[in-house]
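Worksheet: the structure to be examined is printed underneath.
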Amino acid sequence: MAHIQGAVVLQCIIDKAGNVTQPHAVSGHPILIQAALDAVKKWKYRPFLLNGSPVAVKINITMTFHM
């Protein structure tokens, strides 16, 4: 409705089970940030492995919104 587009950068922790935790916005238009946070909370990752054991990692996710 507002015809806003652009990128939102989120910083998140992927826990040992592959769940997205502690997402917060690093940059992006305020109207798009909430949509990006709502979407990323539903995502599930394959756990990251270090020497064969799952570990939590901090990642940046860039979501691009365009019309």
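Key figures for this structure:
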| item | result |
| --- | --- |
| Count of the stretch 1-10 residues which are in contact with a strand residue (DSSP E or B) (Cβ under 9 Å, 6 or more places away or on another chain) and either farther than 15 Å from I59 by Cβ or open to solvent by 50 Å² or more (accessible area, probe 1.4 Å) (or both) | 4 |
| Selected residue (criterion: nearest to T64 (Cα to Cα)) from residues of the stretch 12-37 that are open to solvent by less than 30 Å² (accessible area, probe 1.4 Å) and β-branched (V, I, T) | V20 |
| Within the stretch 27-55, tally of residues that are more than 16 Å from L10 (Cβ to Cβ) and assigned to a loop (DSSP other than H, G, I, E, B) | 4 |
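The values are calculated or read from the model by the stated rules, or taken from the named source; none is laboratory data. Keep in mind that this is a model prediction, so the values were computed, not measured. Backbone-built Cβ (ideal geometry, glycine too); neighbour counts: all protein chains shown. Remember, those area values only see protein heavy atoms, side chains included, never the ligands or the DNA or RNA. Shrake-Rupley method; radii C 1.70, N 1.55, O 1.52, S 1.80 Å.
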